[in-house]
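The values are calculated or read from the model by the stated rules, or taken from the named source; none is laboratory data. The structure presented is a predicted model; accordingly, all values stated were derived computationally and were not measured. We place every Cβ from the backbone using ideal geometry, glycine too, and count neighbours over all the protein chains shown.
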Amino acid sequence: MNHHYDVIVVGARVAGSALAYELSKAGFEVLLVDKSSFPSDILSTHNFFGNSVAMLRKMGVLDRLLQTGAPLYKRAVVQFEDAVIDGEFPEVAEETECLCVRRTHLDHILFEHAASRAGVTAIEGFRVTDVIRKGNAVTGITGVRRNGEEERFSARLVVGADGRRSTLRGLVGSERILSVPTDFASYVGYFEGYEQEGDIHAELYKIGDKIGIVFPTSDNLHVIGVMYPLNDPEWGQRFASSPETAMRDLVDSGFTDSPLPERLRKSSLVGSVKGLLGYDNDWYQGMGEGWALVGDAFSFKDPAVGQGMQDALYSARILTGVLTRYGNWGASWEEMARTYQSLMEETMISRFHMACQFTKNVPFTPEQRAVNRLIAAHSEATRAFLGIYNHAVEPQDFEHLIGSLLSGAPG
(Lines give C-alpha, C1' and ligand atoms only; values in the text may rest on other atoms or scores of the structure.)
Protein backbone atom coordinates (compact mmCIF):
# COMPACT_ATOMS: atom_id res chain seq x y z
CA MET A 1 0.00 0.00 0.00
CA ASN A 2 1.10 3.55 -0.78
CA HIS A 3 2.04 5.44 2.39
CA HIS A 4 2.31 8.98 0.98
CA TYR A 5 -0.59 11.05 -0.33
CA ASP A 6 -1.49 14.58 -1.29
CA VAL A 7 -4.21 14.70 1.38
CA ILE A 8 -5.16 12.47 4.31
CA VAL A 9 -8.78 12.87 5.43
CA VAL A 10 -9.49 11.73 8.99
CA GLY A 11 -13.18 10.91 9.31
CA ALA A 12 -15.18 9.38 6.47
CA ARG A 13 -18.77 10.37 7.15
CA VAL A 14 -20.51 13.23 5.31
CA ALA A 15 -17.81 15.91 5.37
CA GLY A 16 -14.90 13.50 4.95
CA SER A 17 -16.36 11.43 2.13
CA ALA A 18 -17.60 14.54 0.34
CA LEU A 19 -14.11 16.04 0.64
CA ALA A 20 -12.41 12.88 -0.65
CA TYR A 21 -14.80 12.91 -3.62
CA GLU A 22 -14.16 16.59 -4.39
CA LEU A 23 -10.39 16.19 -4.03
CA SER A 24 -10.32 13.17 -6.33
CA LYS A 25 -12.20 15.14 -8.97
CA ALA A 26 -9.53 17.82 -8.70
CA GLY A 27 -6.80 15.22 -9.31
CA PHE A 28 -5.41 14.75 -5.80
CA GLU A 29 -4.31 11.44 -4.30
CA VAL A 30 -6.32 10.94 -1.11
CA LEU A 31 -6.23 8.60 1.89
CA LEU A 32 -9.63 8.45 3.63
CA VAL A 33 -9.70 6.83 7.08
CA ASP A 34 -12.32 6.33 9.78
CA LYS A 35 -12.28 4.56 13.14
CA SER A 36 -15.74 3.12 12.39
CA SER A 37 -16.96 0.69 9.75
CA PHE A 38 -19.94 1.30 7.49
CA PRO A 39 -22.87 1.09 7.68
CA SER A 40 -23.05 2.45 11.23
CA ASP A 41 -25.24 4.97 12.98
CA ILE A 42 -24.40 8.25 14.70
CA LEU A 43 -26.55 10.73 16.59
CA SER A 44 -27.34 13.74 14.41
CA THR A 45 -29.91 15.67 12.48
CA HIS A 46 -29.45 14.71 8.85
CA ASN A 47 -31.62 16.90 6.68
CA PHE A 48 -30.55 18.37 3.34
CA PHE A 49 -32.27 21.53 2.13
CA GLY A 50 -32.53 22.31 -1.59
CA ASN A 51 -29.09 23.89 -1.84
CA SER A 52 -27.42 20.74 -0.50
CA VAL A 53 -29.73 18.44 -2.50
CA ALA A 54 -28.28 20.21 -5.54
CA MET A 55 -24.77 19.33 -4.35
CA LEU A 56 -25.75 15.68 -3.82
CA ARG A 57 -27.19 15.57 -7.33
CA LYS A 58 -23.98 17.01 -8.77
CA MET A 59 -21.94 14.44 -6.81
CA GLY A 60 -23.94 11.67 -8.48
CA VAL A 61 -25.36 10.11 -5.29
CA LEU A 62 -28.90 11.50 -5.19
CA ASP A 63 -30.59 8.61 -6.99
CA ARG A 64 -29.02 6.05 -4.67
CA LEU A 65 -30.01 8.09 -1.61
CA LEU A 66 -33.60 8.20 -2.84
CA GLN A 67 -33.60 4.41 -3.03
CA THR A 68 -33.43 4.34 0.79
CA GLY A 69 -37.10 5.38 0.84
CA ALA A 70 -36.42 8.91 2.04
CA PRO A 71 -39.12 11.10 0.46
CA LEU A 72 -38.45 14.44 -1.17
CA TYR A 73 -40.52 17.23 0.38
CA LYS A 74 -40.80 20.99 -0.06
CA ARG A 75 -43.15 22.12 2.71
CA ALA A 76 -42.37 23.13 6.28
CA VAL A 77 -44.67 23.96 9.20
CA VAL A 78 -43.03 26.06 11.91
CA GLN A 79 -44.95 26.90 15.09
CA PHE A 80 -43.53 29.62 17.31
CA GLU A 81 -45.97 29.81 20.24
CA ASP A 82 -49.27 30.95 18.66
CA ALA A 83 -47.82 31.74 15.22
CA VAL A 84 -47.97 28.93 12.64
CA ILE A 85 -45.72 29.52 9.64
CA ASP A 86 -46.77 27.12 6.88
CA GLY A 87 -45.22 27.27 3.42
CA GLU A 88 -42.84 25.91 0.81
CA PHE A 89 -39.11 26.47 0.50
CA PRO A 90 -38.20 28.77 -2.39
CA GLU A 91 -36.24 27.39 -5.31
CA VAL A 92 -32.47 27.48 -4.98
CA ALA A 93 -29.83 26.07 -7.36
CA GLU A 94 -32.75 24.79 -9.50
CA GLU A 95 -33.98 22.65 -6.60
CA THR A 96 -37.27 23.04 -4.75
CA GLU A 97 -37.24 19.94 -2.55
CA CYS A 98 -35.50 18.72 0.61
CA LEU A 99 -34.30 15.30 1.70
CA CYS A 100 -33.59 13.63 5.05
CA VAL A 101 -31.63 10.34 4.87
CA ARG A 102 -30.87 8.13 7.90
CA ARG A 103 -27.19 8.14 8.77
CA THR A 104 -26.92 4.35 8.47
CA HIS A 105 -27.73 4.76 4.77
CA LEU A 106 -26.27 8.21 4.14
CA ASP A 107 -22.77 7.69 5.49
CA HIS A 108 -22.43 4.26 3.90
CA ILE A 109 -23.49 5.52 0.46
CA LEU A 110 -21.21 8.56 0.56
CA PHE A 111 -18.29 6.47 1.81
CA GLU A 112 -18.69 3.89 -0.94
CA HIS A 113 -19.06 6.63 -3.54
CA ALA A 114 -15.82 8.29 -2.43
CA ALA A 115 -13.93 5.01 -2.02
CA SER A 116 -14.82 3.98 -5.58
CA ARG A 117 -13.06 7.00 -7.05
CA ALA A 118 -9.71 6.67 -8.76
CA GLY A 119 -7.14 8.32 -6.53
CA VAL A 120 -8.95 7.53 -3.25
CA THR A 121 -7.67 4.87 -0.85
CA ALA A 122 -10.16 4.15 1.97
CA ILE A 123 -9.51 2.36 5.27
CA GLU A 124 -12.25 1.54 7.79
CA GLY A 125 -11.46 0.68 11.39
CA PHE A 126 -8.37 2.90 11.58
CA ARG A 127 -8.02 5.02 14.74
CA VAL A 128 -5.67 8.01 14.54
CA THR A 129 -3.41 8.27 17.59
CA ASP A 130 -1.12 11.18 16.69
CA VAL A 131 0.10 13.50 13.97
CA ILE A 132 3.59 13.52 12.49
CA ARG A 133 5.37 16.88 12.34
CA LYS A 134 8.36 18.37 10.62
CA GLY A 135 9.12 21.53 12.55
CA ASN A 136 5.74 23.28 13.00
CA ALA A 137 4.14 21.64 9.99
CA VAL A 138 1.92 18.56 10.17
CA THR A 139 3.16 16.00 7.67
CA GLY A 140 1.17 12.86 8.42
CA ILE A 141 -0.60 10.64 10.93
CA THR A 142 0.02 7.56 13.03
CA GLY A 143 -2.75 5.16 13.95
CA VAL A 144 -3.90 1.67 14.79
CA ARG A 145 -5.92 -0.72 12.68
CA ARG A 146 -8.62 -2.83 14.26
CA ASN A 147 -6.27 -5.83 14.40
CA GLY A 148 -3.81 -3.81 16.49
CA GLU A 149 -1.37 -3.13 13.67
CA GLU A 150 0.24 0.31 13.96
CA GLU A 151 0.77 2.28 10.77
CA ARG A 152 2.10 5.67 9.62
CA PHE A 153 1.04 7.69 6.59
CA SER A 154 2.43 10.99 5.30
CA ALA A 155 0.79 13.72 3.22
CA ARG A 156 1.10 17.31 2.11
CA LEU A 157 -2.08 18.06 4.10
CA VAL A 158 -4.01 16.29 6.90
CA VAL A 159 -7.69 17.18 7.26
CA GLY A 160 -9.89 16.62 10.31
CA ALA A 161 -13.39 15.60 9.25
CA ASP A 162 -13.98 13.67 12.45
CA GLY A 163 -16.88 15.55 13.94
CA ARG A 164 -17.83 17.64 16.95
CA ARG A 165 -15.25 16.00 19.24
CA SER A 166 -12.53 15.93 16.60
CA THR A 167 -9.38 14.04 17.61
CA LEU A 168 -7.41 15.64 14.80
CA ARG A 169 -8.44 19.13 15.89
CA GLY A 170 -7.06 18.49 19.35
CA LEU A 171 -3.82 17.04 18.01
CA VAL A 172 -3.09 20.07 15.82
CA GLY A 173 -4.15 22.59 18.47
CA SER A 174 -6.74 24.54 16.48
CA GLU A 175 -7.88 27.72 18.27
CA ARG A 176 -11.53 27.93 19.29
CA ILE A 177 -12.60 31.38 18.11
CA LEU A 178 -16.27 31.40 19.15
CA SER A 179 -18.18 29.24 21.61
CA VAL A 180 -21.77 29.54 22.82
CA PRO A 181 -23.02 26.72 25.09
CA THR A 182 -26.56 25.48 24.57
CA ASP A 183 -29.23 25.74 27.22
CA PHE A 184 -30.89 22.52 26.03
CA ALA A 185 -30.67 18.75 26.24
CA SER A 186 -31.68 16.94 23.04
CA TYR A 187 -33.23 13.51 22.50
CA VAL A 188 -33.95 11.85 19.15
CA GLY A 189 -35.87 8.76 18.04
CA TYR A 190 -37.19 7.15 14.84
CA PHE A 191 -40.91 6.40 14.61
CA GLU A 192 -43.15 4.48 12.23
CA GLY A 193 -46.83 5.19 11.67
CA TYR A 194 -46.36 8.95 12.13
CA GLU A 195 -49.02 10.60 9.95
CA GLN A 196 -49.16 14.23 8.83
CA GLU A 197 -52.00 16.17 7.25
CA GLY A 198 -51.54 17.32 3.67
CA ASP A 199 -48.22 17.18 1.89
CA ILE A 200 -45.23 15.50 3.53
CA HIS A 201 -43.34 18.19 5.41
CA ALA A 202 -40.81 19.11 8.07
CA GLU A 203 -42.07 20.36 11.43
CA LEU A 204 -40.44 22.71 13.94
CA TYR A 205 -42.03 23.77 17.23
CA LYS A 206 -40.79 26.27 19.81
CA ILE A 207 -43.37 26.55 22.55
CA GLY A 208 -42.44 27.85 25.98
CA ASP A 209 -39.07 26.36 26.93
CA LYS A 210 -39.45 23.24 24.74
CA ILE A 211 -38.46 22.60 21.12
CA GLY A 212 -39.67 19.82 18.83
CA ILE A 213 -38.40 18.83 15.39
CA VAL A 214 -39.80 16.30 12.90
CA PHE A 215 -38.41 15.20 9.51
CA PRO A 216 -39.69 12.47 7.16
CA THR A 217 -36.79 10.09 6.56
CA SER A 218 -35.70 6.73 5.11
CA ASP A 219 -37.45 3.38 5.63
CA ASN A 220 -40.89 5.06 5.86
CA LEU A 221 -39.97 6.55 9.23
CA HIS A 222 -39.97 10.01 10.81
CA VAL A 223 -37.10 11.24 12.93
CA ILE A 224 -38.38 13.20 15.93
CA GLY A 225 -36.27 15.31 18.24
CA VAL A 226 -37.22 17.09 21.45
CA MET A 227 -35.24 19.62 23.46
CA TYR A 228 -35.78 20.75 27.03
CA PRO A 229 -33.74 23.04 29.35
CA LEU A 230 -30.57 21.47 30.71
CA ASN A 231 -31.24 23.01 34.10
CA ASP A 232 -34.53 21.10 34.52
CA PRO A 233 -33.61 18.23 36.90
CA GLU A 234 -37.03 16.58 36.77
CA TRP A 235 -36.96 16.02 33.02
CA GLY A 236 -33.29 15.07 33.23
CA GLN A 237 -34.10 12.28 35.69
CA ARG A 238 -37.09 11.11 33.69
CA PHE A 239 -35.13 10.87 30.45
CA ALA A 240 -32.31 9.06 32.21
CA SER A 241 -34.78 6.54 33.65
CA SER A 242 -36.97 5.88 30.58
CA PRO A 243 -36.17 7.93 27.46
CA GLU A 244 -39.17 6.86 25.35
CA THR A 245 -41.70 7.40 28.13
CA ALA A 246 -40.15 10.75 28.98
CA MET A 247 -40.18 11.82 25.35
CA ARG A 248 -43.85 10.99 24.96
CA ASP A 249 -44.73 12.69 28.26
CA LEU A 250 -42.78 15.81 27.35
CA VAL A 251 -44.55 16.06 23.99
CA ASP A 252 -47.95 15.53 25.63
CA SER A 253 -47.35 18.24 28.23
CA GLY A 254 -45.18 20.72 26.33
CA PHE A 255 -46.82 20.89 22.91
CA THR A 256 -50.52 20.76 23.77
CA ASP A 257 -51.47 23.50 21.29
CA SER A 258 -49.92 21.67 18.33
CA PRO A 259 -50.64 18.49 16.32
CA LEU A 260 -47.44 16.84 17.59
CA PRO A 261 -48.87 14.96 20.65
CA GLU A 262 -51.66 13.19 18.75
CA ARG A 263 -49.35 12.23 15.89
CA LEU A 264 -46.73 10.83 18.25
CA ARG A 265 -49.33 8.85 20.25
CA LYS A 266 -50.31 7.01 17.05
CA SER A 267 -46.71 6.13 16.14
CA SER A 268 -44.30 3.45 17.34
CA LEU A 269 -40.64 3.81 18.25
CA VAL A 270 -38.14 1.92 16.09
CA GLY A 271 -34.90 1.27 17.94
CA SER A 272 -34.09 3.42 20.96
CA VAL A 273 -34.23 7.09 21.92
CA LYS A 274 -30.76 8.64 22.11
CA GLY A 275 -29.72 11.85 23.81
CA LEU A 276 -27.16 14.63 23.86
CA LEU A 277 -26.86 16.35 27.23
CA GLY A 278 -25.58 19.74 26.24
CA TYR A 279 -23.14 20.89 23.58
CA ASP A 280 -21.32 24.01 22.49
CA ASN A 281 -21.88 25.97 19.31
CA ASP A 282 -18.25 26.26 18.20
CA TRP A 283 -16.30 28.06 15.50
CA TYR A 284 -12.63 27.11 15.12
CA GLN A 285 -9.52 28.15 13.26
CA GLY A 286 -9.86 26.14 10.07
CA MET A 287 -6.34 25.76 8.72
CA GLY A 288 -2.68 25.83 9.75
CA GLU A 289 0.63 24.48 8.52
CA GLY A 290 -0.15 21.10 6.99
CA TRP A 291 -3.65 20.73 8.45
CA ALA A 292 -7.27 21.83 7.96
CA LEU A 293 -10.73 21.15 9.39
CA VAL A 294 -14.10 20.60 7.68
CA GLY A 295 -17.68 19.92 8.79
CA ASP A 296 -18.47 19.72 12.50
CA ALA A 297 -14.75 19.62 13.31
CA PHE A 298 -14.61 23.19 12.03
CA SER A 299 -17.98 24.39 13.34
CA PHE A 300 -20.70 22.61 15.27
CA LYS A 301 -24.03 24.38 15.66
CA ASP A 302 -27.40 23.77 17.29
CA PRO A 303 -29.16 20.94 15.41
CA ALA A 304 -32.48 22.81 15.57
CA VAL A 305 -31.41 25.01 12.65
CA GLY A 306 -30.53 22.00 10.50
CA GLN A 307 -27.34 23.38 8.93
CA GLY A 308 -24.85 20.59 9.70
CA MET A 309 -25.28 18.50 6.54
CA GLN A 310 -25.03 21.35 4.09
CA ASP A 311 -22.12 22.95 5.94
CA ALA A 312 -20.29 19.61 5.62
CA LEU A 313 -20.76 19.72 1.85
CA TYR A 314 -19.93 23.41 1.60
CA SER A 315 -16.70 23.04 3.56
CA ALA A 316 -15.57 20.16 1.34
CA ARG A 317 -16.10 22.28 -1.75
CA ILE A 318 -14.51 25.38 -0.27
CA LEU A 319 -11.38 23.59 0.96
CA THR A 320 -10.93 21.82 -2.40
CA GLY A 321 -11.22 25.17 -4.15
CA VAL A 322 -8.53 26.70 -1.93
CA LEU A 323 -6.17 23.76 -2.45
CA THR A 324 -6.51 23.90 -6.22
CA ARG A 325 -5.87 27.65 -6.23
CA TYR A 326 -2.38 27.33 -4.76
CA GLY A 327 0.45 25.30 -6.24
CA ASN A 328 3.14 25.52 -3.56
CA TRP A 329 1.25 24.83 -0.35
CA GLY A 330 4.35 24.84 1.82
CA ALA A 331 5.09 28.46 0.94
CA SER A 332 1.47 29.61 1.18
CA TRP A 333 -0.02 28.27 4.43
CA GLU A 334 -0.76 31.67 5.98
CA GLU A 335 -2.43 33.03 2.86
CA MET A 336 -4.33 29.79 2.29
CA ALA A 337 -5.53 29.80 5.91
CA ARG A 338 -6.79 33.39 5.62
CA THR A 339 -8.56 32.61 2.36
CA TYR A 340 -10.18 29.44 3.72
CA GLN A 341 -11.34 31.12 6.94
CA SER A 342 -12.76 34.06 5.00
CA LEU A 343 -14.69 31.87 2.57
CA MET A 344 -16.09 29.73 5.39
CA GLU A 345 -17.25 32.85 7.24
CA GLU A 346 -18.82 34.27 4.09
CA THR A 347 -20.78 31.05 3.52
CA MET A 348 -21.64 29.88 7.03
CA ILE A 349 -21.19 32.46 9.80
CA SER A 350 -24.64 34.11 9.54
CA ARG A 351 -26.39 30.76 10.13
CA PHE A 352 -23.93 29.98 12.91
CA HIS A 353 -25.04 33.16 14.70
CA MET A 354 -28.67 32.18 14.06
CA ALA A 355 -27.98 28.85 15.78
CA CYS A 356 -26.37 30.64 18.72
CA GLN A 357 -29.56 32.64 19.21
CA PHE A 358 -31.76 29.57 18.89
CA THR A 359 -29.68 27.58 21.35
CA LYS A 360 -30.46 29.90 24.29
CA ASN A 361 -33.58 29.29 26.38
CA VAL A 362 -34.96 32.79 26.02
CA PRO A 363 -38.72 33.44 25.63
CA PHE A 364 -39.93 35.34 22.59
CA THR A 365 -40.27 39.04 23.30
CA PRO A 366 -43.56 40.81 22.44
CA GLU A 367 -41.77 42.29 19.42
CA GLN A 368 -40.60 38.85 18.25
CA ARG A 369 -44.09 37.44 18.69
CA ALA A 370 -45.44 40.22 16.49
CA VAL A 371 -42.84 39.46 13.82
CA ASN A 372 -43.64 35.74 13.97
CA ARG A 373 -47.33 36.47 13.40
CA LEU A 374 -46.37 38.79 10.53
CA ILE A 375 -44.30 36.03 8.89
CA ALA A 376 -47.20 33.60 9.27
CA ALA A 377 -49.66 36.05 7.71
CA HIS A 378 -47.65 36.97 4.60
CA SER A 379 -46.74 34.34 2.00
CA GLU A 380 -43.78 36.41 0.79
CA ALA A 381 -42.39 36.64 4.31
CA THR A 382 -42.99 32.90 4.87
CA ARG A 383 -41.03 31.96 1.75
CA ALA A 384 -38.24 34.38 2.66
CA PHE A 385 -38.06 32.98 6.20
CA LEU A 386 -37.79 29.41 4.90
CA GLY A 387 -35.31 30.63 2.31
CA ILE A 388 -32.83 31.46 5.07
CA TYR A 389 -32.52 27.74 5.80
CA ASN A 390 -31.71 26.74 2.21
CA HIS A 391 -29.51 29.78 1.46
CA ALA A 392 -32.00 31.19 -1.05
CA VAL A 393 -32.31 34.29 1.14
CA GLU A 394 -29.66 35.91 3.31
CA PRO A 395 -30.66 36.90 6.88
CA GLN A 396 -30.03 40.60 6.23
CA ASP A 397 -32.34 40.54 3.19
CA PHE A 398 -35.02 38.84 5.25
CA GLU A 399 -34.68 41.51 7.93
CA HIS A 400 -35.04 44.21 5.27
CA LEU A 401 -38.25 42.58 4.01
CA ILE A 402 -39.71 42.37 7.52
CA GLY A 403 -38.80 46.00 8.15
CA SER A 404 -40.58 46.98 4.96
CA LEU A 405 -43.70 45.00 5.88
CA LEU A 406 -43.78 46.50 9.37
CA SER A 407 -43.47 50.02 8.00
CA GLY A 408 -45.89 49.43 5.17
CA ALA A 409 -43.28 50.40 2.59
CA PRO A 410 -42.61 48.36 -0.58
CA GLY A 411 -39.89 45.66 -0.15
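Restricting to the stretch 303-316, what's the tally of residues that are more than 15 Å from L106 (Cα to Cα), at pLDDT 95 or above and surrounded by 24 or more Cβ atoms within 10 Å (Cβ to Cβ)?
4
Among the numbered criteria (1) out of contact with any strand residue (DSSP E or B) (no Cβ under 8 Å at 6 or more places or on another chain); (2) over 20 Å from G140 (Cα atoms); (3) at pLDDT 95 or above, which one does I42 miss?
The one condition I42 does not meet is (3).
Criterion first (small (G, A, S) and not assigned by TED's automatic domain parsing to the domain that holds G306) does A26 satisfy it?
It is false that A26 is small (G, A, S) and not assigned by TED's automatic domain parsing to the domain that holds G306.
Would you pick out the residues in the stretch 146-176 that are polar (S, T, N, Q) and without any contact (Cβ under 8 Å) to a residue 24 or more places away in the chain?
Result: N147, single match.
Restricting the search to the stretch 23-39, which residues are in a helix (DSSP H, G or I) and surrounded by fewer than 24 Cβ atoms within 10 Å (Cβ to Cβ)?
S24, K25, listed by residue number.
Residues checked against (1) surrounded by 18 or more Cβ atoms within 10 Å (Cβ to Cβ); (2) touching a His at 6+ places or on another chain (Cβ under 9 Å); (3) within 30 Å of F255 (Cα to Cα):
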{"residue": "N47", "(1), (2), (3)": "yes, no, yes"}
{"residue": "R64", "(1), (2), (3)": "no, yes, no"}
{"residue": "R75", "(1), (2), (3)": "yes, yes, yes"}
{"residue": "V78", "(1), (2), (3)": "yes, no, yes"}
{"residue": "I85", "(1), (2), (3)": "yes, no, yes"}
{"residue": "E94", "(1), (2), (3)": "no, no, no"}
{"residue": "G140", "(1), (2), (3)": "yes, yes, no"}
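Of the residues E234, E192, only one is of a type in the set (D, E) and either in contact (Cβ under 8 Å) with a residue 40 or more places away in the chain or touching a strand residue (DSSP E or B) at 6+ places or on another chain (Cβ under 8 Å) (or both); which?
E192
Read through the list (1) in a helix (DSSP H, G or I); (2) loosely packed, with under 15 Cβ neighbours inside 10 Å, then give the number of the only condition that K360 fails.
Of everything listed in (1) in a helix (DSSP H, G or I); (2) loosely packed, with under 15 Cβ neighbours inside 10 Å, K360 misses just condition (1).
The conditions are (1) under 30 Å from E29 (Cα atoms); (2) under 27 Å from the mean Cα position of the chain (by Cα), and S332 fails exactly one of them. Which is it?
Result: S332 fails condition (2) only.
Taking D6 as meeting all but one of (1) at pLDDT 95 or above; (2) among the charged types (D, E, K, R); (3) part of a loop (DSSP other than H, G, I, E, B), write down the number of the exception.
Tallying (1) at pLDDT 95 or above; (2) among the charged types (D, E, K, R); (3) part of a loop (DSSP other than H, G, I, E, B), D6 fails exactly one: (3).
If you go through the stretch 261-292, how many residues are within 30 Å of Y194 (Cβ to Cβ) and either touching a residue at least 12 places away in the same chain (Cβ under 8 Å) or under 16 Å from the mean Cα position of the chain (by Cα) (or both)?
Of the residues in the stretch 261-292, 18 are within 30 Å of Y194 (Cβ to Cβ) and either touching a residue at least 12 places away in the same chain (Cβ under 8 Å) or under 16 Å from the mean Cα position of the chain (by Cα) (or both).
Going through I8, I42 one at a time, which residue ends up being loosely packed, with under 15 Cβ neighbours inside 10 Å and of a type in the set (A, V, I, L, M)?
I42
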